[in-house]
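What follows is a set of notes on a single structure, which appears directly below.
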Ligand SMILES: Cc1cc2nc3c(=O)[nH]c(=O)nc-3n(C[C@H](O)[C@H](O)[C@H](O)COP(=O)(O)OP(=O)(O)OC[C@H]3O[C@@H](n4cnc5c(N)ncnc54)[C@H](O)[C@@H]3O)c2cc1C
C-alpha cells in the first residue's frame, strides 16, 4: 500500500488509455497511466484515416502527441506492466512487474488486443508491417490497396467476409488458409 491514492489508474497507454487520461485529468481528477509500452499503434507506419491529419501521421508520432497532451493536463505517465490488482475497502492496490505499488479509487483497463500474427520470422513480419506490405485492418487500410493484388490470410466467416469486403477495392483478391484446409460452409460459398 502507498500513501498516494489516485482518483483513477489507467492500465494501458495506447490511444484509448491516453484519451481516457486526458478526459479524466481535465475533470481535475488525479490520474496515473501505467503502460507496458507495447501499443499496437506504435507499429502504424503512417495512418491516413485519422481526422485532422490530412497527410497522415505515424503511430509513434500520434502516441507522442497524445502522451504530451495527457501530461499537459496533469496526468502522471508511468512505464510498467500491471501484474496484480487487489481491492482493499474502497481502494484498489496494483502491483507492477517491477514491484512498484500504485493505489487508486478506480481502475480503467485499456490494455488493447494482440495481433494474431501469421507464422513467419519476427524480423520479416516487422519489416513487412513497417513497409505496409502486411496490414491488419481492412477498415483502416482497404483504401490503400485500391487496384492492387492482395491476399487475405484467413478462412471461415472472418476470412471470407474480409476478402469480400476488399473486393470493393480491388478485383485481385486471394484467400489463403493458414492451416491448408479452408473451413468454408455452403452458406459462406453462397454469399
Ligand atoms: C499495423 C497496424 C496498423 C494500424 N493502422 C491503423 C490506422 O491507420 N488507423 C487506425 O485508426 N488504427 C490503426 N490500427 C489499429 C490501432 O493501432 C488500434 O486500434 C489502437 O492501437 C488501439 O488502441 P488501444 O489503446 O485500445 O490499444 P493499444 O494501442 O494496443 O494499447 C494498449 C496498451 O496497453 C498496454 N498493456 C497491456 N497490458 C498491460 C498491463 N498488464 N499493464 C500495463 N500496460 C499494459 C500495452 O503494452 C499497450 O501499450 C493499426 C494497427 C496495426 C497493428
*Given the structure, is residue 40 under 30 Å from residue 143 (Cβ atoms) and touching a strand residue (DSSP E or B) at 6+ places or on another chain (Cβ under 7 Å)?*
no
*Give just the number: which of (1) near the ligand (Cβ under 10 Å from one of its atoms); (2) assigned to a loop (DSSP other than H, G, I, E, B); (3) more than 12 Å from the chain's Cα centre (by Cα) does residue 38 not satisfy?*
(3)
*residue 3 is checked against (1) at pLDDT below 95; (2) over 18 Å from residue 92 (Cβ atoms) and fails just one. What number does that condition carry?*
(2)
*If we scan region 154-169, do we find a residue that is farther than 17 Å from residue 116 by Cα and either within 21 Å of the chain's Cα centre (by Cα) or in the same structural domain as residue 44 (by TED's automatic domain parsing) (or both)?*
no
*Selected residue (criterion: farthest from residue 97 (Cα to Cα)) from residues of region 40-55 that are buried (at least 17 other Cβ atoms within 10 Å of the Cβ) and touching a helix residue (DSSP H, G or I) at 6+ places or on another chain (Cβ under 6 Å)*: 44
*So which residues in region 113-141 are touching a helix residue (DSSP H, G or I) at 6+ places or on another chain (Cβ under 6 Å) and modelled with pLDDT of 95 or more, if there are any at all?*
129, 134, 135
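Condition first: at pLDDT below 95, outside the structural domain of residue 138 (by TED's automatic domain parsing) and away from the ligand (no atom under 14 Å from the Cβ). Can you find one or more residues in region 67-88 that meet it?
The initial filter retains those residues of region 67-88 that are at pLDDT below 95, namely 88.
Then drop every residue that is not outside the structural domain of residue 138 (by TED's automatic domain parsing), which leaves 88.
Narrowing further to those that are away from the ligand (no atom under 14 Å from the Cβ): 88.
So far as region 67-88 goes, yes, one or more of its residues are at pLDDT below 95, outside the structural domain of residue 138 (by TED's automatic domain parsing) and away from the ligand (no atom under 14 Å from the Cβ).
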*Scanning for something under 22 Å from the mean Cα position of the chain (by Cα), outside any strand (DSSP E or B), in contact (Cβ under 8 Å) with a residue 60 or more places away in the chain and closer than 17 Å to residue 110 by Cα, does region 79-91 turn up at least one residue?*
no
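Determine if region 12-32 includes at least one residue that is within 10 Å of the ligand (Cβ to nearest atom), in a strand (DSSP E or B) and crowded, with 16+ Cβ neighbours inside 10 Å. First the steps, then the outcome.
Step one: list which residues in region 12-32 are within 10 Å of the ligand (Cβ to nearest atom), which gives 12-20.
Filter again for in a strand (DSSP E or B), leaving none.
Within region 12-32 (the criterion being within 10 Å of the ligand (Cβ to nearest atom), in a strand (DSSP E or B) and crowded, with 16+ Cβ neighbours inside 10 Å), the answer is no, since none of the residues qualifies.
The values are calculated or read from the model by the stated rules, or taken from the named source; none is laboratory data. Remember, predicted model here, so these are calculated numbers, not experimental data. Methodologically, a virtual Cβ is constructed for each residue, glycine included, from the backbone with ideal geometry; neighbour enumeration extends over all protein chains shown.
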